[in-house]
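First comes the structure, then the notes that go with it.
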Amino acid sequence: MKKLAVLIVALTMVFSLAACGGADAGADSAGSAGAESTSADGSDSAAAEDIYLTLVNKTHPLPENWEDNIELIEMKNAYDEDIRVEKTSYEAFLALRDALLKEGVDIELDSCYRSVERQEELWKEFEEEYGEDYCKKYVAVPGTSEHHTGFAIDVCLKKGDKLIYENEEMMKEVEIWEKVHEMMPEYGFILRFPEGKEDVVGYAYEPWHMRYVGSPAVAKEITEKGLTVEEYLGEDEPDGAAYGYAGDDPIERAAYKYVVDEMSGNYDEADANIPTVNIFYTGNAGEEVLLYGDFELDNYKIDGETLKSVSGGRFPGVMHLKQDGPHHYAVTQFDAVEDGGGFDESAKALFGDQYEAFQKIYSDDEARQELRKTTIADYVKLNELPVTQFQDEGWDPVKL
């Protein structure tokens, strides 16, 4: 249950309330016209672009007085219903639609802007019909729907005279969506809920849900790197709870994440996988950041108020990281010190001039135990566990 802190539920079913089937059919599934974003007077404006990267999801509610920051315009959707959408996003959509029409693909507006008040009405409607548990699982809490921003656009498809809007039917149009998704970044749009990212975005794959991000350059970067808005902004693990990381350094957070995600696979499943990261030197090699450190993983089961050790290990070595977003890093390689009889020679070869620094931190057991205690305490606090102490095998419990 490393899993204790991963609070985002990865939805595995796509319901009609996620996107199409009417302007308000989705309780949540959640453009420049091929040019850079500009301010009202036509001048380039980085500030204007920044607003299009505002993150709204289950853990990032809509900022207060949001409508004061955007210009909403009214139009009809594919069902002749009155809807609203943010002006620049709509202009970008029209440009994208025109380009797709030349390729024989017709996309039509379904659902766009939705006020918090309307979301509250939807919540009540679905609660009355399906119950509170259903709402908590499939309906965005008012204030956390991306449709509140005005930048999210759900589309449906038109083939000849036939309008395709049911989710199950749209899912079958794989080739059409490939064309749509390929062209979207040219006009400042990204696919907001891509396949394989359910645990990050909190919703299942929705090929019809596009999000305007302010410029083609940003949209292309996000798309080409296979990122989500959360990952691009470094908010996919906003509090580091899953890894016991209480800081805000994206490089350190990536190191904690790697230890848990990659090294826990060497052990049986536990209730809590808690890393201890002890960096003694940071270097660079071209575009890579190099972290020289002693990386440790402790796996515990929860027994009443005690975390009891079930397995673990130490992995001294060098992590290679690359930046893949403005505030996001990923580990691309880990060079580990050889275990067993070749440990010392391997450490000398790997750490080079930093070998003495490694020896110092590796042999300081008192400092190591204090760092472990701090990390475990952070993990317990971040995950709100009913735990007051931890106990390593063969040792007395340590109070937190």
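Quick rundown of the values:
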item: Of the criteria (1) touching a helix residue (DSSP H, G or I) at 6+ places or on another chain (Cβ under 7 Å); (2) at pLDDT 90 or above; (3) in a loop (DSSP other than H, G, I, E, B); (4) surrounded by fewer than 22 Cβ atoms within 10 Å (Cβ to Cβ), which one Gly214 fails; result: (4)
item: Tally of residues being surrounded by 12 or more Cβ atoms within 10 Å (Cβ to Cβ) and part of a loop (DSSP other than H, G, I, E, B) across region 337-396; result: 9
item: Among the candidates Val318, Val387, residue that is more than 30 Å from Tyr232 (Cα to Cα) and in contact with an Asp or Glu (Cβ under 9 Å, 6 or more places away or on another chain); result: Val387
item: Subset of region 283-306 [polar (S, T, N, Q) and either touching a His at 6+ places or on another chain (Cβ under 7 Å) or modelled with pLDDT of 95 or more (or both)]; result: Asn299, Thr306
item: Residue count, region 228-256 (criterion: crowded, with 20+ Cβ neighbours inside 10 Å, farther than 15 Å from Gln323 by Cα, modelled with pLDDT under 90 and over 11 Å from the mean Cα position of the chain (by Cα)); result: 5
item: Scope region 77-98; condition assigned to a helix (DSSP H, G or I) and more than 23 Å from Thr54 (Cα to Cα); matching residues; result: Arg97, Asp98
item: Test: residue in region 145-157 that is of a type in the set (Gly, Ala, Ser), surrounded by fewer than 21 Cβ atoms within 10 Å (Cβ to Cβ) and modelled with pLDDT under 95; result: no
item: One residue from Val318, Val259 being assigned to a strand (DSSP E or B) and either on the phi < 0 side of the Ramachandran plot or at pLDDT 95 or above (or both); result: Val318
item: Pairs, first at pLDDT 90 or above in region 376-396, second aromatic (Phe, Trp, Tyr), C-beta under 8 Å, six or more apart; result: Ile376/Phe390; Asp378/Tyr245; Tyr379/Tyr243; Leu385/Tyr379; Phe390/Tyr300
item: First in region 182-206 and assigned by TED's automatic domain parsing to the domain that holds Leu55 and hydroxyl-bearing (Ser, Thr, Tyr), second anywhere and in a helix (DSSP H, G or I) and surrounded by fewer than 24 Cβ atoms within 10 Å (Cβ to Cβ), Cβ under 7 Å, 6 or more apart; result: Tyr187/Ala95; Tyr187/Pro216
item: Hits in region 154-195 - residues which are part of a helix (DSSP H, G or I) and more than 27 Å from the chain's Cα centre (by Cα); result: Glu169
item: Any hit, region 368-377, residues being in the same structural domain as Asn278 (by TED's automatic domain parsing), of a type in the set (A, V, I, L, M, F, W, C) and within 17 Å of Met319 (Cα to Cα); result: no
item: Residue that is surrounded by fewer than 23 Cβ atoms within 10 Å (Cβ to Cβ) and within 18 Å of Val155 (Cβ to Cβ), where the choices are Lys179, Lys220, Lys197, Lys225; result: Lys179
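The values are calculated or read from the model by the stated rules, or taken from the named source; none is laboratory data. Everything quoted here is computed from the prediction, not taken from an experiment. Every residue, glycine among them, receives a Cβ derived from its backbone with ideal geometry; neighbour counts consider all protein chains shown.
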